[in-house]
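Comments concern the structure below.
The values are calculated or read from the model by the stated rules, or taken from the named source; none is laboratory data. All values derive from a computational prediction rather than experimental measurement. For the accessible areas, the whole protein counts, side chains as well, though only heavy atoms, and no ligand, DNA or RNA atoms are used. Shrake-Rupley method; radii C 1.70, N 1.55, O 1.52, S 1.80 Å.
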Amino acid sequence: MRQEISERTHIALVSFGLFVASLFLTAYSARNPAVARVGHTIVLEVTAPFARTANAIAQGVQSVWGRYLYLVSTAQQNESLSRRVSELESRLGMLSEFESENERLRQALSFASERQLRGVAAAVIGADSSGWIRGLVIDRGSSHGVRPGMAVIHPRGIVGQITSVASNSARVLLVNDHSSGVDVLVQSSRVRGVVEGAGEKVCELKFVTKENPVKVGEVVVTSGMDRVFPKGVVVGTVSHVSAQTSTLFQTIEVRPAVNFARIEEVLVVASGAEESGIQSGGK
């Protein structure tokens, strides 16, 4: 207890002494300005380096902090801009795809209009999954007026024929399938025959006798005689001719006009009496 009182007394005395000294120095400085200036100069000289160092450190810290904040802000802006660019690129890709699709549909409907065909545009949504035939699946079915036996065409040429139908989809037998058959004409000579499927990229023009020569490069079109395909639609181009057989007929290969692996939209059309049942229009 006595020790605590002694310490408090000591602190009080030191504080009082410092207070008295400050009063004395203040009074002395007031009466002797020159001495005060010398003292201020000495103090300034002594403290100036420390002040400059402290100021430099403060400015350095402020500069580093400012650059850090700037870099953080820039990184955030770059990330935001990158996300925006990705979104815009995605939208641009979608718009470009829609534009391409609309252009293909316009071509198909324009093709049908020019030939006065009634049809419905359909998108190809897959290949035939049975594995037994060469076929496609489209997104139009009985609810759109599509029925088995209808022709499926493309602005470049014929695609095939509807074989089975569901409410909102249908299967298409491609013209290059072995079970397919189309009554055709060689466009230039009007020689008639039947095109049957013979492989992935080849068809065969049959029942053309040797007395009716056919040349490589001639265009083969539908005759309309089979009452399935409209007359005058391109089937393909003669790619090979051979008359060196023991039969009366030539061996003639026809390359289809349509690349079946790359088509995305088709037109389902009706022929003859079927035309009254199909809906006209696009997707």
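Couple of notes before you dig in:
- Computed with a 1.4 Å probe on the full set of protein chains, the accessible area for Val219 sits at about 50 Å².
- ³J(HN,Hα) computed for each position of region 158-169 - Karplus, 6.51 cos²θ - 1.76 cosθ + 1.60, integer Hz, glycine/proline x: 6, 10, x, 9, 5, 10, 8, 9, 10, 4, 10, 7
- Accessible area (Å², per residue) of region 176-251, counting only protein heavy atoms and a probe of 1.4 Å: 51
- With every protein chain in place, region 156-246: carbon and sulfur % of accessible area (1.4 Å): 48
- Cα-Cα pairs of region 179-256 separated by more than 18 Å (percent): 31
- The heavy atoms of Ser169 offer some 40 square angstrom of accessible surface to a 1.4 angstrom probe.
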